[in-house]
Structures are given as structure tokens and as C-alpha cells.
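Quick notes on the structure that follows.
The values are calculated or read from the model by the stated rules, or taken from the named source; none is laboratory data. These figures come from a predicted structure and were not determined experimentally. Note that each Cβ is placed from the backbone with ideal geometry, even for glycine, and that neighbours are counted across all protein chains shown. In case anyone asks, the SASA skips ligands and DNA or RNA and just uses the protein heavy atoms, side chains included. Shrake-Rupley method; radii C 1.70, N 1.55, O 1.52, S 1.80 Å.
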Amino acid sequence: VVDLDTELRSAQNPLTAEAPTIIGDWNGEGLLTLYASCAAPSYTAFNVSASMCKPYEQIRVIAPCCGGSFGSKLFMGNVHPLLFAALMSKKAGRPVMYAMTKEEHFAANQIRMNMKANVKVGMNRDGSVTGVSLTQQCEAGTAATSQENMMSVGGISMSMLCRTTNYKYKGDVVMPTR
């Protein structure tokens, strides 16, 4: 059994190669259409809906292409480019394109959480994995919206990467008092 304690104290910034460019089209009947390079259009529409207190059925997200996401094209914590495009289109009364510069992208993109983790991996002598155990504590912050989702993806991915059905995962989201 390999037992590893690890700590990530400098939050990562999973930037995509290209800065976000969104086209917002708020028609006169209240339907909002967003053209965005995003990894999960229905989930993106859900986040826009919740952020704008607008019915999900009135938001349509069209994702013509996605490209490399690294997790940041889910538009969970960084939904603001979509909101800017939507609100500018509503005010202008016509479709509007909102494009961030790379500098704005660096400054405004969501970051991943700081975390502490303990990983245990059981292996046979030939190196094949027999089991994985992962315990995580991840920082949230006052505006946390998607930490549990990000943690569960990481926890589930470990067992798939190691090709084992024997896994144990425990994750906690914590808010630091500093």
C-alpha cells in the first residue's frame, strides 16, 4: 500500500487557451440565446438562470465548439462573461458580442480550490491497482457554488484512472477562518 499526504496551497487557474467570447441575443419576448464555447450547455444555462433569476426555459445556450476546457468552460463560478453578454444585449435591444482580453481572462477567471488530501493506493506486485482511497479537505470561501461538484469529479476519476472498482472517497468542503 502506498500512502501519500499532499497539500495544494496555491490555487490553480485552469485557463483555456482562448479568452471567453460570448454572443448574447435577448429577443423582445424574453428569450435569451447565448452562443458560447462551453463544455456543458444545459448546465451553463442552469447557472445563468440561477444567476439572473430567470426561468431555465427562457435561456438557450448554443455551443458550436468547445476546444480545451480544463474544467473552466463549465461556467460554474465564472458565469460573469455570459451575464455581461446577456445584459448588454438586453440594454442594446440587439445581439451583442462580449470578448475578454487575455489579461481580463487571467484576472477574472475562477480558480480551483486549495486542498489537503490523503491518497492510499493498494497494488499487486505487478503494479496493477487493487484499491484506492482518497480523503480530501477543500477550501470553499464565502461565494462557493461548485466545490462539491469539482471534488466528486476528482474522486470518481481516481478509480477510473486506476482501473479498479475498489475505492473509497471522503470529501469535505471547509471554510477557513483566516
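Below is a table of values for the structure above.
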| item | result |
| --- | --- |
| Spin-label model distance (nm) - PHE84 vs GLU29, 7 Å beyond Cα toward Cβ | 3.0 nm |
| Anchor LYS91: lysines whose Cα lies under 18 Å away (excluding residues fewer than 8 positions away in-chain) | LYS54 |
| Distance in nm between pseudo-label sites at TYR56 and THR6 (7 Å out along the Cβ direction from Cα) | 3.4 nm |
| Cross-link partners of LYS168 among lysines (Cα-Cα below 17 Å; sequence separation of 8 or more within a chain) | LYS116, LYS120 |
| Accessible-area value, CYS53, 1.4 Å probe, nucleic acids and ligands omitted, Å² | 120 Å² |
| SER49 paired with THR21, simple spin-label distance in nm, labels 7 Å along Cα-to-beta-carbon | 2.9 nm |
